[in-house]
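Data first, discussion second: the structure below is written as structure tokens.
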Protein chains: 2
Amino acid sequence: MWQLHCFPLCPFSRKVRLALAEKGIQFELQRENPWEGTDAFYALNPAGRTPVLREPDKRITLIDSQAICEYLEETVDKSPLILGTAAGRAEIRRLVALFDEQFFDEVTHPMLNERMKKRLVLRSPPDSKTLREAMRLAHEHLDYIDWLIDNRRWLAGAQMSLADFAAAAQISVADYLGGIDWSGHEEAHAWYRVMKSRPSFRPLLNEKMEGIPVPAGYADPNS
Amino acid sequence: MWQLHCFPLCPFSRKVRLALAEKGIQFELQRENPWEGTDAFYALNPAGRTPVLREPDKRITLIDSQAICEYLEETVDKSPLILGTAAGRAEIRRLVALFDEQFFDEVTHPMLNERMKKRLVLRSPPDSKTLREAMRLAHEHLDYIDWLIDNRRWLAGAQMSLADFAAAAQISVADYLGGIDWSGHEEAHAWYRVMKSRPSFRPLLNEKMEGIPVPAGYADPNS
């Protein structure tokens with residue numbers, strides 16, 4: 001069976017978990033703590049990052065969330081997530097990169113540093129200025145989602161795609177850490193509620209990160 | 001004709017330029033300065049980043065270097081760069097991400113900040129501690145290339161691929177900015193000399209960034 005090396009609040013592992021579940025692929029989780037960087041994990045991935053997806057019996061090791069999603073797309077017929085014409089697929093990949101890179105750099109990564117790493121590893125208080133700036137930038141990204149959803153049924157066009165799952169994966173981690181304020185973002189909020197109600201999302205939303213309390217409404221598709 | 005919005009030292013634009021040239025696609029350059037962030041450029045790409053590849057007559061706008069390369073791969077027969085089996089393609093994409101993300105974050109980006117942005121925009125001296133750390137991490141990446149080339153003909157396997165061009169694009173920018181020391185990296189150096197000697201690489205190496213002198217040997221395939 002496939003084994004996914006990850007931790008509960010890794011947004012890139014969440015993207016892969018959603019893609020695996022949408023495609024109906026069975027997998028089990030292997031816990032890695034990003035701050036530990038064990039030799040065994042570096043032997044698996046020299047970059048030292050989650051996610052890593054392995055099939056030990058078939059001796060397949062896949063690294064990097066986007067490389068993994070492209071592999072699943074190329075090898076599994078069910079539920080295409082990078083779909084449509086070449087231009088449509090480019091639009092999906094543009095938005096995946098926007099959330100994987102820019103949203104992560106500006107929102108998810110500072111939230112993870114301030115509210116996870118400092119609490120669990122560094123044992124120091126979060127920096128309120130960094131948190132405020134991350135939340136300000138989150139509003140800009142939610143504005144952009146509002147605009148997309150005003151113009152399209154799903155983020156990348158007429159059909160649900162990997163862009164929706166990449167965005168929802170980042171937002172869900174920021175939301176767990178208290179970084180998302182939906183006020184003024186009705187379109188984005190309605191879209192995210194639909195994402196939360198998907199069966200593929202339930203296992204993620206029901207999972208807890210030890211030592212970090214789950215905020216009210218986080219796992220509720222109606223909230 | 002395709003128009004590529006970029007600046008001479010953008011490593012992601014260099015990756016796209018190499019892919020375009022290898023595939024024999026004609027294009028012209030449109031200069032964007034990353035520190036200007038003009039309204040016109042943000043209207044083109046809300047993320048405000050180079051490269052953007054456009055075909056105005058066909059109304060195609062492609063954003064994000066990897067989305068662009070995947071599009072070229074899907075639409076142009078000549079010179080496949082993401083090639084082989086699904087597992088082989090995953091390995092190519094893993095290495096592309098390693099250089100686009102980790103090498104960029106650890107080496108190219110700090111070098112660009114210290115030796116380009118501070119010189120041309122901020123008018124402040126570079127921070128020597130940041131430069132030393134970037135060069136130390138560059139050695140770790142070159143060690144990894146040495147190891148790959150010890151085990152494979154090209155970075156991702158038996159054939160030249162986008163992994164080689166992504167790595168060479170990042171290295172060429174760091175090299176322009178004085179961040180690459182080849183001593184102790186014979187295998188990586190031999191591989192990079194071969195990359196430099198490709199016709200697709202010549203226009204990049206002959207281009208100058210105003211205000212930043214080209215170091216000796218930078219453009220010489222024998223050096």
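The values are calculated or read from the model by the stated rules, or taken from the named source; none is laboratory data. Computed from a predicted model, the values in this text were never measured in an experiment. Here Cβ is always computed from backbone atoms with ideal geometry, including for glycine, and neighbour counts include all displayed protein chains.
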With respect to residue A:14, determine if the residue is at the interface with another protein chain (Cβ under 9 Å from one of its Cβ atoms), crowded, with 23+ Cβ neighbours inside 10 Å and not hydrophobic (A, V, I, L, M, F, W, C).
no
Are any residues in the stretch B:62-81 in contact with an Asp or Glu (Cβ under 9 Å, 6 or more places away or on another chain), facing chain A (nearest Cβ under 9 Å) and on the phi < 0 side of the Ramachandran plot, and if so, which ones?
B:62, B:63, B:65, B:66, B:67, B:70
Please note which helices (runs of 4 or more DSSP H) are completely contained in the stretch B:1-88 and include at least 3 residues that are in contact (Cβ under 8 Å) with a residue 60 or more places away in the chain.
B:11-22
Quick check: anything in the stretch A:111-133 within 10 Å of chain B (Cβ to nearest Cβ), of a type outside the set (A, V, I, L, M, F, W, C), over 17 Å from residue A:212 (Cβ atoms) and touching a residue at least 12 places away in the same chain (Cβ under 8 Å)?
no
Any chance residue A:184 is in contact (Cβ under 8 Å) with a residue 24 or more places away in the chain, away from chain B (no Cβ under 14 Å) and out of contact with any strand residue (DSSP E or B) (no Cβ under 9 Å at 6 or more places or on another chain)
yes
Going through the stretch B:146-187 one residue at a time, which ones are surrounded by 24 or more Cβ atoms within 10 Å (Cβ to Cβ) and over 16 Å from residue B:205 (Cβ atoms)?
B:155, B:156, B:161, B:162, B:163, B:166
For residue B:27, work out the one condition from (1) more than 10 Å from every other protein chain (Cβ to nearest Cβ); (2) modelled with pLDDT under 95 it doesn't fulfil.
(2)
From the list B:204, B:142, B:95, B:120, which one is of a type in the set (A, V, I, L, M), more than 30 Å from residue B:28 (Cα to Cα) and part of a helix (DSSP H, G or I)?
B:142
For the stretch A:199-219, state whether one or more residues are at positive phi and within 17 Å of the chain's Cα centre (by Cα).
no
Using the structure shown, decide if residue B:41 is more than 21 Å from residue A:144 (Cα to Cα) and of a type in the set (Phe, Trp, Tyr).
no
Is there a residue in the stretch A:99-106 that is assigned to a helix (DSSP H, G or I), without any contact (Cβ under 8 Å) to a residue 12 or more places away in the chain, away from chain B (no Cβ under 12 Å) and surrounded by fewer than 24 Cβ atoms within 10 Å (Cβ to Cβ)?
no
Any residue at all in the stretch A:51-69 that's closer than 26 Å to residue B:103 by Cα, of a type in the set (Ser, Thr, Tyr), surrounded by fewer than 23 Cβ atoms within 10 Å (Cβ to Cβ) and touching a helix residue (DSSP H, G or I) at 6+ places or on another chain (Cβ under 9 Å)?
yes
